[in-house]
1. Of a type outside the set (A, V, I, L, M), within 30 Å of Phe452 (Cβ to Cβ), open to solvent by less than 20 Å² (accessible area, probe 1.4 Å) and in contact with a strand residue (DSSP E or B) (Cβ under 7 Å, 6 or more places away or on another chain): is that true of Thr179 in this structure?
2. Condition test on Asp130, is it at pLDDT 90 or above and under 30 Å from Ala521 (Cβ atoms)?
3. Name the pairs: first residue in the range 500-513 and part of a loop (DSSP other than H, G, I, E, B), second residue open to solvent by less than 70 Å² (accessible area, probe 1.4 Å), Cβ to Cβ under 9 Å, at least 6 apart or on different chains?
4. Starting from the range 333-362, keep only residues that are under 30 Å from Cys459 (Cα atoms) and at pLDDT 95 or above, then list their pairs with residues that are among the charged types (D, E, K, R) and part of a loop (DSSP other than H, G, I, E, B) whose Cβ atoms are within a distance under 8 Å, requiring at least 6 positions of separation or different chains.
5. Where residues in the range 304-326 are assigned to a helix (DSSP H, G or I) and over 20 Å from Asn379 (Cβ atoms), which of them is most open to solvent (accessible area, probe 1.4 Å)?
6. Let me spell it out: the conditions are (1) open to solvent by 50 Å² or more (accessible area, probe 1.4 Å); (2) closer than 23 Å to Gly375 by Cβ; (3) modelled with pLDDT of 95 or more, and Ser225 meets all of them except one. Which number is the exception?
7. Mind listing just one residue for me: the one in the range 396-411 that is at pLDDT 95 or above and either open to solvent by less than 50 Å² (accessible area, probe 1.4 Å) or among the polar types (S, T, N, Q) (or both) and, of those, farthest from Glu257 (Cα to Cα)?
8. In the range 151-165, what residues are touching a residue at least 40 places away in the same chain (Cβ under 8 Å) and open to solvent by less than 40 Å² (accessible area, probe 1.4 Å)?
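The values are calculated or read from the model by the stated rules, or taken from the named source; none is laboratory data. Keep in mind that this is a model prediction, so the values were computed, not measured. As a convention, Cβ positions derive from the backbone with ideal geometry for all residues, glycine included, and neighbour counts pool all protein chains shown. Accessible surface is based on the protein model in full, side chains and every heavy atom, while ligands, DNA and RNA are left aside. Shrake-Rupley method; radii C 1.70, N 1.55, O 1.52, S 1.80 Å.
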Amino acid sequence: MASHGFWSLGADNTGANPGSQSPSTRAWCQAAAQKLPVGIGSKLCLLNVGEGEKPVDPGAKQPPPSAPGPGCGCTKTCTCNKTAAFSDLYSTLLPAADGDSKTMTFLQEVVDILLAYIVESFDRETKVIDFHYPNELLQMNNWELQSQPASLDDILISCRATLKYAIKTHPRYFNQLSTGLDMVGLAADWLTSTANTNFTYEVAPVFVLLEYVTLKKMREIIGWSDGRGDGIFSPGAISNMYAMLLARFKMFPEVKEKGMSCIPKLVAFTSEHSHFSIKKGAAALGIGTESVVCIKADEGKMIPADLERRILEAKQKGLVPFFVSATAGTTVYGAFDPLIAVSDICKKYNIWMHVDGAWGGSLLMSRRHRWKLDGVEANSVTWNPHKMMGVPLQCSALLVREEQGLMQSCNQMHACYLFQQDDTGDKALQCGRHVDIFKLWLMWRAKGTIGFEAQIDKCLELSEYLYNKIKDREGYEMVFDGKPQHTNVCFWYLPPGVRYIEDKDEKKKQLHKQVAPVIKARMMEYGTTMVSYQPQGDKVNFFRMVISNPAATFEDIDFLIEEIERLGQDL
């Protein structure tokens, strides 16, 4: 949670210079502007213009006088400031009469802003981030909401300012598991926002069918016979909570109506390196975080012997083991739990097995790497195409092995005033559900399965290149032995001032406080690249490099290494 101190950061640094467009981006903007109508093209290159830098166009047409507006005391055609702004925005754009032309002009200008940002996002000379502290951003732009409406020009300025200070996930951004920008996926996202429908067959028939077709294809890839089963697209890690909800309902269906007080004390199991959403789901469902047992891991991979030992311990205490979540691609190490061994244990004790493949599930698309998910044919699987497959956020799927009916029975409330009897909408926890499927479906059509495979294989080749380059390089130390299973490459960088410290405790202290955090802060300041760091267990802060952007190259990996060394040479 942000503190007051966080929002005060940067109060003494208001003189920081914002970034500027690179020559290649400016050239593109100028060329594009010449091809567009006057008034539209002139605004194309203003992505980096702040509110105080708005150019004045003396030839710009003023909005026509409007009819008297609500709350205005004028008895004649009104030109007062009280209604001019409102008239400018809402009386000239659709659904206003004859608003189609001005609406097209306004939206074209918005698209021009987006196009300029897209080009910058692929330009390596552009900063990953034009970083400012919160207090600086609050002072540099007017973000406050007003009682009076803003003009169209002000709205466009707000659009430009928002993108100016946004992260650009270009090929040298390695900070998160979701990076890059796919053009077909972006087009699909625009289309679904334009359609602006809820997710029921009555109002979104094509989208509902596409979800059915795509989920079936994903279940086939997992390995379930003929793609049988069920599934749903849901917001991010909510997929893991869905799996826990289904597991509980499958074992104790009465819990839906009578609540937790009518069933025995439940216990779930997951790796100590698993995603926090497992515990969060247990908290939300009333099971409790203390009822989630964390199993020991070896280099990020769950130890099956410890899982079986803890299951037996729980049963001896009178608890009911109902759910095991194995991880295919942990967030930090990118490790894959031994799914076959975990599956054998779950079958032995009749426990629902879930595979959290949010990060690693996409490796199922690769013939070269899908062996890492051997044993994935569990009761349920989470798979997030918005990560390794590059689908625009958000796009997370829960795949369920059991035939249709379980999810419907678990979640439906027979809301006949909303859903038809055969509608899929009632099997979701949400009422309003965003159309996440079209982005994935359209990209799949554009790339084919073979295209996704090539994209994933390339990212793994880049991570192997990084690993091979630094594993024996002076000043680098790997967090664990052996080649990473995923694109996560975890390492310490030891700058010259730390490299030869003999006291191990002092060395760890320096690495934890004065190396990765300082280098990361300098990365943010310069804006040249971004890579995350964190501790893990007894291991002090280390860099966690992840690659999921297919636009990245071997040269970008080389640049990252050189930049870490440049930014840390004096430490």
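1. On the way: of a type outside the set (A, V, I, L, M): yes; within 30 Å of Phe452 (Cβ to Cβ): yes; open to solvent by less than 20 Å² (accessible area, probe 1.4 Å): yes; in contact with a strand residue (DSSP E or B) (Cβ under 7 Å, 6 or more places away or on another chain): yes.
In short, yes.
2. Details: at pLDDT 90 or above: yes; under 30 Å from Ala521 (Cβ atoms): yes.
Spelling it out, Asp130 is indeed at pLDDT 90 or above and under 30 Å from Ala521 (Cβ atoms).
3. As it stands, the answer is Tyr500/Leu494; Ile501/Leu494; Ile501/Lys507; Ile501/Gln510, since those pairs meet every condition given.
4. Tyr333/Glu299; Ala335/Glu299; Leu339/Asp374; Ile340/Asp374; Ser343/Glu377; Ala358/Lys387; Trp359/Lys387; Ser362/Lys387
5. At the first step, the residues of the range 304-326 found to be assigned to a helix (DSSP H, G or I) are 304-316.
Retained after the next criterion (residues that are over 20 Å from Asn379 (Cβ atoms)): 305-306, 309, 312-313, 316.
Values: Ala305: 74, Asp306: 14, Arg309: 103, Leu312: 72, Glu313: 63, Gln316: 156 Å².
Going through the qualifying residues, I end up with Gln316.
6. Condition not satisfied by Ser225: (3).
7. Let us first name the residues in the range 396-411 that are at pLDDT 95 or above, namely 396-401.
This time we only want the ones that are either open to solvent by less than 50 Å² (accessible area, probe 1.4 Å) or among the polar types (S, T, N, Q) (or both), so: 396-400.
On the way: Ser396: 28, Ala397: 27, Leu398: 24, Leu399: 25, Val400: 23 Å.
Per the criteria, the residue is Ser396.
8. Passing the criteria: Ser151, Leu152, Leu156, Ile157, Arg160, Ala161, Leu163, Lys164.
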